[in-house]
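Okay, so here's the structure we're looking at.
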Amino acid sequence: MPAHSHSHGPDTPGDAPPDPVVTERRRRAVRLMLYVLVPVALATGVGLVTLWPSGGTTAAQEAAQSFLPPGTTFPEATIASLETYECAAATGSAPAQDCARAVMVVADGPSAGDYVQVDLPPEVVAEGIEVGDELVLNRDPGVESGQPGYSFQDFPRGTPILVLALIFTLVVGAVARLRGLLALLGLGFAFLVLLQFMLPALLDGGSPIWVSLVGSSAIMFVVLYLAHGFSARTTTALVGTLFGLGLSAVIGALAVSAARLTGFNNENALQLLQFDPTLDFSGLVLAASVVAGLGILNDVTITQASAVWQLHEASPAAGWRELFSRGMSIGRDHIASTIYTIVFAYAGAALPLLLLFDLYDRPFWTTLTGSEVGEEVVRTLVGGIALVLAVPVTTLIGALVATAASAGSRPAPQPEPTEEEREAERRKERLRAMRAQSAAAPGGDLPPRPGDPR
(Lines give C-alpha, C1' and ligand atoms only; values in the text may rest on other atoms or scores of the structure.)
Protein backbone atom coordinates (compact mmCIF):
# COMPACT_ATOMS: atom_id res chain seq x y z
CA MET A 1 0.00 0.00 0.00
CA PRO A 2 1.55 3.37 -0.90
CA ALA A 3 2.51 5.59 1.95
CA HIS A 4 1.41 8.88 0.43
CA SER A 5 -2.18 8.13 -0.39
CA HIS A 6 -5.24 10.36 -0.26
CA SER A 7 -7.42 7.51 0.95
CA HIS A 8 -10.14 8.81 3.25
CA GLY A 9 -11.17 5.90 5.38
CA PRO A 10 -10.98 2.21 6.00
CA ASP A 11 -10.29 -0.42 3.43
CA THR A 12 -13.08 -1.32 1.10
CA PRO A 13 -14.90 -4.64 1.42
CA GLY A 14 -13.30 -5.88 -1.78
CA ASP A 15 -9.75 -5.72 -0.33
CA ALA A 16 -7.92 -8.68 1.12
CA PRO A 17 -8.85 -9.60 4.72
CA PRO A 18 -6.79 -7.52 7.19
CA ASP A 19 -4.03 -9.12 9.22
CA PRO A 20 -5.26 -10.14 12.71
CA VAL A 21 -2.46 -8.13 14.33
CA VAL A 22 -3.48 -5.00 12.37
CA THR A 23 -7.13 -5.51 13.33
CA GLU A 24 -6.24 -5.81 17.01
CA ARG A 25 -4.11 -2.66 16.83
CA ARG A 26 -6.95 -0.68 15.28
CA ARG A 27 -9.44 -1.84 17.89
CA ARG A 28 -7.09 -0.97 20.72
CA ALA A 29 -6.44 2.45 19.14
CA VAL A 30 -10.18 3.16 18.93
CA ARG A 31 -10.59 2.20 22.59
CA LEU A 32 -7.83 4.60 23.58
CA MET A 33 -9.38 7.52 21.67
CA LEU A 34 -12.86 6.80 22.99
CA TYR A 35 -11.62 7.94 26.40
CA VAL A 36 -11.50 11.42 24.86
CA LEU A 37 -14.46 11.23 22.49
CA VAL A 38 -17.07 9.86 24.87
CA PRO A 39 -16.91 12.88 27.23
CA VAL A 40 -17.00 15.24 24.22
CA ALA A 41 -20.01 13.39 22.77
CA LEU A 42 -21.82 13.61 26.10
CA ALA A 43 -21.05 17.33 26.34
CA THR A 44 -22.37 17.80 22.80
CA GLY A 45 -25.60 16.02 23.70
CA VAL A 46 -26.02 18.15 26.82
CA GLY A 47 -25.34 21.27 24.75
CA LEU A 48 -27.98 20.31 22.19
CA VAL A 49 -30.57 19.86 24.91
CA THR A 50 -29.60 23.06 26.73
CA LEU A 51 -29.33 25.32 23.70
CA TRP A 52 -32.21 23.88 21.70
CA PRO A 53 -34.52 26.76 20.65
CA SER A 54 -37.76 27.16 22.55
CA GLY A 55 -39.89 26.98 19.42
CA GLY A 56 -41.68 30.25 20.05
CA THR A 57 -41.75 33.21 17.68
CA THR A 58 -38.61 35.30 18.04
CA ALA A 59 -38.42 39.09 17.83
CA ALA A 60 -36.71 38.84 14.46
CA GLN A 61 -39.44 36.56 13.11
CA GLU A 62 -42.17 38.94 14.27
CA ALA A 63 -40.43 41.87 12.58
CA ALA A 64 -39.94 39.85 9.40
CA GLN A 65 -43.63 39.02 9.28
CA SER A 66 -44.48 42.73 9.23
CA PHE A 67 -41.89 43.28 6.51
CA LEU A 68 -43.29 40.42 4.43
CA PRO A 69 -47.10 40.34 4.77
CA PRO A 70 -48.66 36.98 5.68
CA GLY A 71 -49.95 35.14 2.64
CA THR A 72 -47.22 36.39 0.31
CA THR A 73 -46.48 33.79 -2.36
CA PHE A 74 -44.08 33.47 -5.26
CA PRO A 75 -45.92 31.99 -8.26
CA GLU A 76 -44.40 31.43 -11.67
CA ALA A 77 -45.96 33.19 -14.65
CA THR A 78 -45.51 33.16 -18.43
CA ILE A 79 -45.09 36.33 -20.51
CA ALA A 80 -48.07 36.72 -22.86
CA SER A 81 -47.12 40.13 -24.29
CA LEU A 82 -44.18 42.47 -23.85
CA GLU A 83 -43.87 46.24 -24.42
CA THR A 84 -40.46 47.86 -23.94
CA TYR A 85 -39.82 51.55 -23.37
CA GLU A 86 -36.83 53.73 -22.52
CA CYS A 87 -36.68 54.38 -18.81
CA ALA A 88 -33.19 55.93 -18.52
CA ALA A 89 -31.54 58.16 -21.09
CA ALA A 90 -27.94 57.73 -22.14
CA THR A 91 -25.46 59.71 -20.03
CA GLY A 92 -21.81 59.98 -20.99
CA SER A 93 -20.42 56.50 -21.61
CA ALA A 94 -23.51 54.81 -20.13
CA PRO A 95 -26.03 53.67 -22.77
CA ALA A 96 -29.77 54.19 -22.53
CA GLN A 97 -31.71 51.62 -20.51
CA ASP A 98 -34.97 49.94 -21.48
CA CYS A 99 -37.71 48.79 -19.12
CA ALA A 100 -40.80 46.78 -20.05
CA ARG A 101 -44.45 46.21 -19.25
CA ALA A 102 -45.34 42.55 -19.43
CA VAL A 103 -48.77 40.94 -19.42
CA MET A 104 -48.29 37.56 -17.78
CA VAL A 105 -50.38 34.46 -17.16
CA VAL A 106 -50.05 33.18 -13.58
CA ALA A 107 -49.23 29.47 -13.64
CA ASP A 108 -49.90 28.39 -10.05
CA GLY A 109 -51.32 29.48 -6.74
CA PRO A 110 -54.72 30.97 -5.90
CA SER A 111 -54.63 33.22 -8.98
CA ALA A 112 -53.66 30.52 -11.47
CA GLY A 113 -54.86 31.42 -14.98
CA ASP A 114 -55.22 35.15 -14.26
CA TYR A 115 -53.66 37.78 -16.53
CA VAL A 116 -51.61 40.34 -14.62
CA GLN A 117 -49.46 43.29 -15.67
CA VAL A 118 -45.94 43.54 -14.26
CA ASP A 119 -43.30 46.23 -14.72
CA LEU A 120 -39.85 44.79 -15.43
CA PRO A 121 -36.65 46.70 -14.50
CA PRO A 122 -33.83 47.29 -17.00
CA GLU A 123 -31.55 44.56 -15.62
CA VAL A 124 -34.30 42.00 -16.37
CA VAL A 125 -34.93 43.36 -19.88
CA ALA A 126 -31.18 43.29 -20.54
CA GLU A 127 -31.25 39.50 -20.16
CA GLY A 128 -33.13 39.28 -23.47
CA ILE A 129 -36.54 38.16 -22.25
CA GLU A 130 -39.17 37.28 -24.83
CA VAL A 131 -42.82 36.32 -25.05
CA GLY A 132 -43.22 32.82 -23.69
CA ASP A 133 -40.48 33.13 -21.06
CA GLU A 134 -41.27 32.25 -17.46
CA LEU A 135 -40.57 34.49 -14.48
CA VAL A 136 -41.10 34.24 -10.72
CA LEU A 137 -43.42 36.92 -9.32
CA ASN A 138 -44.02 38.28 -5.86
CA ARG A 139 -47.73 38.13 -5.05
CA ASP A 140 -48.89 40.46 -2.27
CA PRO A 141 -52.29 39.21 -1.04
CA GLY A 142 -53.49 42.82 -0.66
CA VAL A 143 -55.09 42.46 2.76
CA GLU A 144 -55.75 46.19 3.05
CA SER A 145 -56.71 46.98 -0.56
CA GLY A 146 -58.55 43.74 -1.23
CA GLN A 147 -56.71 43.27 -4.54
CA PRO A 148 -53.53 41.21 -4.89
CA GLY A 149 -50.47 42.99 -6.30
CA TYR A 150 -47.71 41.49 -8.43
CA SER A 151 -44.07 42.44 -8.96
CA PHE A 152 -41.01 40.80 -10.45
CA GLN A 153 -39.15 38.54 -8.00
CA ASP A 154 -36.56 36.50 -9.92
CA PHE A 155 -35.85 34.14 -12.78
CA PRO A 156 -36.89 30.49 -12.29
CA ARG A 157 -33.84 28.29 -11.69
CA GLY A 158 -35.42 25.10 -10.40
CA THR A 159 -34.80 23.02 -13.53
CA PRO A 160 -31.06 23.76 -13.99
CA ILE A 161 -30.40 23.33 -10.27
CA LEU A 162 -32.20 19.99 -10.17
CA VAL A 163 -30.38 18.79 -13.29
CA LEU A 164 -27.00 19.78 -11.86
CA ALA A 165 -27.85 18.16 -8.53
CA LEU A 166 -28.81 14.95 -10.30
CA ILE A 167 -25.61 14.96 -12.37
CA PHE A 168 -23.56 15.65 -9.23
CA THR A 169 -25.19 12.74 -7.41
CA LEU A 170 -24.63 10.39 -10.34
CA VAL A 171 -20.98 11.43 -10.67
CA VAL A 172 -20.37 11.00 -6.93
CA GLY A 173 -22.05 7.61 -6.97
CA ALA A 174 -20.13 6.43 -10.04
CA VAL A 175 -16.71 7.56 -8.81
CA ALA A 176 -16.91 7.30 -5.01
CA ARG A 177 -19.65 4.65 -4.97
CA LEU A 178 -21.24 3.86 -1.61
CA ARG A 179 -18.86 6.07 0.35
CA GLY A 180 -19.71 9.07 -1.81
CA LEU A 181 -23.44 8.51 -1.45
CA LEU A 182 -23.02 8.21 2.31
CA ALA A 183 -21.15 11.52 2.25
CA LEU A 184 -24.15 13.11 0.52
CA LEU A 185 -26.40 11.65 3.20
CA GLY A 186 -24.11 13.19 5.82
CA LEU A 187 -24.35 16.51 4.02
CA GLY A 188 -28.13 16.32 4.32
CA PHE A 189 -27.76 15.71 8.07
CA ALA A 190 -25.46 18.74 8.33
CA PHE A 191 -28.07 20.97 6.71
CA LEU A 192 -30.70 19.53 9.03
CA VAL A 193 -28.64 20.53 12.08
CA LEU A 194 -27.97 23.94 10.58
CA LEU A 195 -31.62 24.67 9.76
CA GLN A 196 -33.30 23.02 12.73
CA PHE A 197 -30.85 23.85 15.52
CA MET A 198 -28.14 26.41 14.78
CA LEU A 199 -30.11 29.10 12.94
CA PRO A 200 -33.18 28.99 15.24
CA ALA A 201 -30.92 28.92 18.33
CA LEU A 202 -29.03 32.00 17.12
CA LEU A 203 -32.29 33.85 16.42
CA ASP A 204 -33.51 32.77 19.86
CA GLY A 205 -30.63 34.61 21.49
CA GLY A 206 -28.31 31.67 22.09
CA SER A 207 -24.58 32.24 22.54
CA PRO A 208 -23.07 32.21 19.02
CA ILE A 209 -19.81 30.58 20.13
CA TRP A 210 -21.51 27.72 22.00
CA VAL A 211 -24.22 27.20 19.38
CA SER A 212 -21.63 26.98 16.61
CA LEU A 213 -19.35 24.64 18.60
CA VAL A 214 -22.15 22.30 19.70
CA GLY A 215 -23.77 22.22 16.25
CA SER A 216 -20.46 21.71 14.47
CA SER A 217 -19.43 18.92 16.85
CA ALA A 218 -22.75 17.14 16.32
CA ILE A 219 -22.31 17.39 12.57
CA MET A 220 -18.75 16.02 12.66
CA PHE A 221 -19.64 13.08 14.93
CA VAL A 222 -22.24 11.90 12.42
CA VAL A 223 -20.82 12.79 9.00
CA LEU A 224 -17.29 11.47 9.61
CA TYR A 225 -18.39 8.03 10.79
CA LEU A 226 -21.17 7.90 8.21
CA ALA A 227 -18.87 8.64 5.26
CA HIS A 228 -15.68 6.90 6.40
CA GLY A 229 -16.87 4.15 8.72
CA PHE A 230 -16.11 3.45 12.36
CA SER A 231 -12.35 2.89 12.36
CA ALA A 232 -9.15 4.03 14.04
CA ARG A 233 -8.43 6.37 11.14
CA THR A 234 -11.81 8.06 11.32
CA THR A 235 -11.60 8.38 15.10
CA THR A 236 -8.15 9.95 14.81
CA ALA A 237 -9.51 12.44 12.27
CA LEU A 238 -12.47 13.23 14.52
CA VAL A 239 -10.20 14.06 17.46
CA GLY A 240 -8.12 16.33 15.23
CA THR A 241 -11.25 17.99 13.79
CA LEU A 242 -12.69 18.70 17.24
CA PHE A 243 -9.36 20.22 18.24
CA GLY A 244 -9.46 22.45 15.15
CA LEU A 245 -13.02 23.56 15.92
CA GLY A 246 -12.16 24.47 19.49
CA LEU A 247 -9.02 26.30 18.41
CA SER A 248 -10.86 28.29 15.73
CA ALA A 249 -13.45 29.34 18.31
CA VAL A 250 -10.82 30.50 20.81
CA ILE A 251 -8.66 32.32 18.26
CA GLY A 252 -11.77 33.72 16.57
CA ALA A 253 -13.11 35.17 19.82
CA LEU A 254 -9.79 36.91 20.46
CA ALA A 255 -9.51 38.16 16.88
CA VAL A 256 -13.08 39.48 16.67
CA SER A 257 -12.59 41.38 19.92
CA ALA A 258 -9.15 42.76 18.98
CA ALA A 259 -10.24 43.80 15.47
CA ARG A 260 -13.57 45.19 16.75
CA LEU A 261 -15.57 43.46 14.05
CA THR A 262 -19.18 44.62 14.21
CA GLY A 263 -20.65 42.24 11.65
CA PHE A 264 -22.36 45.06 9.74
CA ASN A 265 -20.41 44.68 6.50
CA ASN A 266 -23.34 44.02 4.14
CA GLU A 267 -26.98 44.85 3.54
CA ASN A 268 -28.19 41.52 4.91
CA ALA A 269 -26.65 42.23 8.31
CA LEU A 270 -28.20 45.70 8.36
CA GLN A 271 -31.59 44.21 7.49
CA LEU A 272 -31.20 41.69 10.30
CA LEU A 273 -30.31 44.56 12.65
CA GLN A 274 -33.65 46.19 11.86
CA PHE A 275 -35.45 42.94 12.65
CA ASP A 276 -33.71 42.37 16.00
CA PRO A 277 -31.13 44.86 17.34
CA THR A 278 -30.44 42.61 20.37
CA LEU A 279 -28.64 39.94 18.33
CA ASP A 280 -24.91 39.53 18.94
CA PHE A 281 -23.57 40.46 15.51
CA SER A 282 -19.92 40.20 16.52
CA GLY A 283 -20.71 36.71 17.79
CA LEU A 284 -22.31 35.89 14.44
CA VAL A 285 -18.99 36.68 12.75
CA LEU A 286 -17.33 34.18 15.08
CA ALA A 287 -20.00 31.54 14.47
CA ALA A 288 -19.61 32.00 10.72
CA SER A 289 -15.84 31.42 10.95
CA VAL A 290 -16.36 28.16 12.87
CA VAL A 291 -18.97 26.82 10.44
CA ALA A 292 -17.00 27.95 7.37
CA GLY A 293 -14.01 25.86 8.40
CA LEU A 294 -15.89 22.57 8.82
CA GLY A 295 -15.43 21.17 5.33
CA ILE A 296 -11.78 21.96 4.72
CA LEU A 297 -10.85 20.99 8.29
CA ASN A 298 -12.54 17.62 7.80
CA ASP A 299 -10.64 17.06 4.56
CA VAL A 300 -7.23 17.81 6.10
CA THR A 301 -7.69 15.73 9.24
CA ILE A 302 -9.07 12.64 7.51
CA THR A 303 -6.20 12.75 5.02
CA GLN A 304 -3.57 13.04 7.76
CA ALA A 305 -5.14 10.28 9.83
CA SER A 306 -5.26 7.98 6.81
CA ALA A 307 -1.63 8.74 5.95
CA VAL A 308 -0.37 8.02 9.48
CA TRP A 309 -2.17 4.71 9.73
CA GLN A 310 -0.98 3.61 6.29
CA LEU A 311 2.60 4.50 7.29
CA HIS A 312 2.19 2.53 10.51
CA GLU A 313 0.82 -0.54 8.76
CA ALA A 314 3.66 -0.41 6.23
CA SER A 315 6.26 -0.12 9.04
CA PRO A 316 4.78 -1.57 12.26
CA ALA A 317 8.14 -1.30 14.07
CA ALA A 318 8.41 2.47 13.49
CA GLY A 319 8.23 4.63 16.61
CA TRP A 320 5.88 7.53 17.08
CA ARG A 321 8.60 10.09 16.27
CA GLU A 322 9.31 8.46 12.92
CA LEU A 323 5.60 8.20 12.13
CA PHE A 324 5.09 11.83 13.06
CA SER A 325 8.03 12.99 10.94
CA ARG A 326 6.97 11.00 7.87
CA GLY A 327 3.32 11.99 8.30
CA MET A 328 4.22 15.68 8.51
CA SER A 329 6.09 15.46 5.22
CA ILE A 330 2.73 14.58 3.68
CA GLY A 331 0.88 17.15 5.76
CA ARG A 332 3.10 20.02 4.64
CA ASP A 333 2.20 19.36 1.01
CA HIS A 334 -1.48 19.34 1.92
CA ILE A 335 -1.17 22.56 3.93
CA ALA A 336 0.44 24.35 0.99
CA SER A 337 -2.38 23.43 -1.40
CA THR A 338 -5.09 24.13 1.18
CA ILE A 339 -3.89 27.69 1.76
CA TYR A 340 -4.47 28.43 -1.92
CA THR A 341 -7.92 26.86 -1.71
CA ILE A 342 -8.99 29.10 1.18
CA VAL A 343 -7.74 32.36 -0.34
CA PHE A 344 -8.94 31.77 -3.90
CA ALA A 345 -12.36 30.58 -2.70
CA TYR A 346 -12.92 33.93 -1.01
CA ALA A 347 -11.48 35.89 -3.95
CA GLY A 348 -13.92 34.18 -6.31
CA ALA A 349 -16.92 34.73 -4.03
CA ALA A 350 -16.05 38.40 -3.45
CA LEU A 351 -15.08 39.23 -7.04
CA PRO A 352 -17.81 41.92 -7.59
CA LEU A 353 -16.81 43.60 -4.32
CA LEU A 354 -13.13 43.57 -5.32
CA LEU A 355 -14.05 45.12 -8.68
CA LEU A 356 -15.81 47.97 -6.88
CA PHE A 357 -12.75 48.62 -4.74
CA ASP A 358 -10.63 48.71 -7.87
CA LEU A 359 -12.96 51.32 -9.38
CA TYR A 360 -12.95 53.45 -6.24
CA ASP A 361 -9.13 53.54 -6.34
CA ARG A 362 -8.88 53.36 -2.56
CA PRO A 363 -5.51 52.74 -0.87
CA PHE A 364 -4.74 49.04 -0.59
CA TRP A 365 -4.28 49.08 3.18
CA THR A 366 -7.52 51.02 3.69
CA THR A 367 -9.37 48.45 1.57
CA LEU A 368 -7.77 45.49 3.30
CA THR A 369 -8.57 46.71 6.81
CA GLY A 370 -12.03 48.08 6.04
CA SER A 371 -15.12 46.36 7.42
CA GLU A 372 -16.14 44.81 4.09
CA VAL A 373 -12.84 43.01 3.41
CA GLY A 374 -11.32 43.08 6.89
CA GLU A 375 -14.01 40.83 8.33
CA GLU A 376 -13.38 38.20 5.68
CA VAL A 377 -9.61 38.53 6.06
CA VAL A 378 -9.84 37.94 9.82
CA ARG A 379 -12.21 35.03 9.29
CA THR A 380 -9.89 33.48 6.68
CA LEU A 381 -6.81 33.91 8.87
CA VAL A 382 -8.54 32.41 11.91
CA GLY A 383 -9.68 29.40 9.91
CA GLY A 384 -6.25 29.07 8.32
CA ILE A 385 -4.44 29.07 11.69
CA ALA A 386 -6.76 26.42 13.10
CA LEU A 387 -6.45 24.38 9.91
CA VAL A 388 -2.64 24.45 9.84
CA LEU A 389 -2.32 23.58 13.54
CA ALA A 390 -4.82 20.73 13.18
CA VAL A 391 -2.39 18.96 10.83
CA PRO A 392 0.44 18.35 13.36
CA VAL A 393 -2.05 17.65 16.14
CA THR A 394 -3.88 15.01 14.08
CA THR A 395 -0.58 13.53 12.95
CA LEU A 396 0.74 13.40 16.52
CA ILE A 397 -2.46 11.82 17.85
CA GLY A 398 -2.39 9.20 15.12
CA ALA A 399 1.30 8.41 15.69
CA LEU A 400 0.95 8.14 19.49
CA VAL A 401 -2.20 6.04 19.39
CA ALA A 402 -0.88 3.77 16.63
CA THR A 403 2.33 2.99 18.52
CA ALA A 404 0.47 2.62 21.83
CA ALA A 405 -1.94 0.18 20.22
CA SER A 406 0.96 -1.79 18.74
CA ALA A 407 2.68 -2.03 22.11
CA GLY A 408 -0.38 -3.65 23.61
CA SER A 409 -1.14 -6.04 20.77
CA ARG A 410 -0.13 -9.70 20.73
CA PRO A 411 1.15 -11.40 17.58
CA ALA A 412 -1.18 -13.83 15.94
CA PRO A 413 -0.47 -17.49 16.89
CA GLN A 414 1.56 -19.39 14.28
CA PRO A 415 0.34 -22.85 13.17
CA GLU A 416 2.36 -25.91 14.22
CA PRO A 417 4.68 -27.21 11.43
CA THR A 418 3.87 -30.57 9.85
CA GLU A 419 6.21 -33.62 10.01
CA GLU A 420 7.27 -33.03 6.39
CA GLU A 421 8.17 -29.39 7.18
CA ARG A 422 10.20 -30.50 10.21
CA GLU A 423 12.15 -33.08 8.12
CA ALA A 424 12.86 -30.48 5.41
CA GLU A 425 14.14 -28.06 8.07
CA ARG A 426 16.45 -30.77 9.51
CA ARG A 427 17.90 -31.45 6.06
CA LYS A 428 18.59 -27.76 5.58
CA GLU A 429 20.34 -27.62 8.96
CA ARG A 430 22.61 -30.60 8.10
CA LEU A 431 23.51 -29.06 4.74
CA ARG A 432 24.37 -25.72 6.39
CA ALA A 433 26.58 -27.57 8.96
CA MET A 434 28.42 -29.45 6.20
CA ARG A 435 29.07 -26.24 4.29
CA ALA A 436 30.34 -24.57 7.45
CA GLN A 437 32.78 -27.44 8.09
CA SER A 438 33.97 -27.34 4.47
CA ALA A 439 34.57 -23.61 4.63
CA ALA A 440 36.72 -24.11 7.76
CA ALA A 441 38.83 -26.97 6.19
CA PRO A 442 41.93 -26.24 3.97
CA GLY A 443 40.84 -25.69 0.36
CA GLY A 444 37.33 -24.79 1.38
CA ASP A 445 35.72 -27.61 -0.64
CA LEU A 446 33.03 -29.98 0.40
CA PRO A 447 34.17 -33.54 1.46
CA PRO A 448 34.71 -35.74 -1.61
CA ARG A 449 31.98 -38.09 -2.56
CA PRO A 450 32.67 -41.88 -2.69
CA GLY A 451 34.51 -42.82 -5.91
CA ASP A 452 35.88 -39.26 -6.35
CA PRO A 453 39.49 -39.47 -7.81
CA ARG A 454 40.61 -37.01 -5.16
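The condition of being outside the structural domain of Pro148 (by TED's automatic domain parsing), outside any loop (DSSP other than H, G, I, E, B) and either under 43 Å from the mean Cα position of the chain (by Cα) or at positive phi (or both) does not hold for Ala77. From the list Val250, Val222, Val171, exactly one residue is surrounded by fewer than 18 Cβ atoms within 10 Å (Cβ to Cβ) and more than 30 Å from Leu34 (Cβ to Cβ). Which is it? Going through Val250, Val222, Val171 in turn, just one is surrounded by fewer than 18 Cβ atoms within 10 Å (Cβ to Cβ) and more than 30 Å from Leu34 (Cβ to Cβ): Val171. Consider Val193 carefully, then state whether it is farther than 22 Å from Thr303 by Cβ and surrounded by 15 or more Cβ atoms within 10 Å (Cβ to Cβ). In short, yes.
No other residue among Gly348, Gly398, Gly295, Gly331 is more than 23 Å from Gly246 (Cβ to Cβ) and part of a helix (DSSP H, G or I) apart from Gly348. Scoring Phe281 on the criteria (1) surrounded by fewer than 22 Cβ atoms within 10 Å (Cβ to Cβ); (2) touching a helix residue (DSSP H, G or I) at 6+ places or on another chain (Cβ under 6 Å); (3) modelled with pLDDT of 85 or more leaves a single failure, condition (2).
In the condition set (1) in a helix (DSSP H, G or I); (2) out of contact with any Phe, Trp or Tyr (no Cβ under 8 Å at 6 or more places or on another chain); (3) crowded, with 16+ Cβ neighbours inside 10 Å, Ala318 is compliant with all but (1). Total residues in segment 266-292 satisfying the condition of being assigned to a helix (DSSP H, G or I) and under 30 Å from Met220 (Cα atoms): the figure is 15.
The values are calculated or read from the model by the stated rules, or taken from the named source; none is laboratory data. This one's a predicted model, so the numbers in the text were calculated from it and none came from an experiment. FYI the Cβ positions are ideal-geometry reconstructions off the backbone, even for glycines, and counts take in every protein chain you see.
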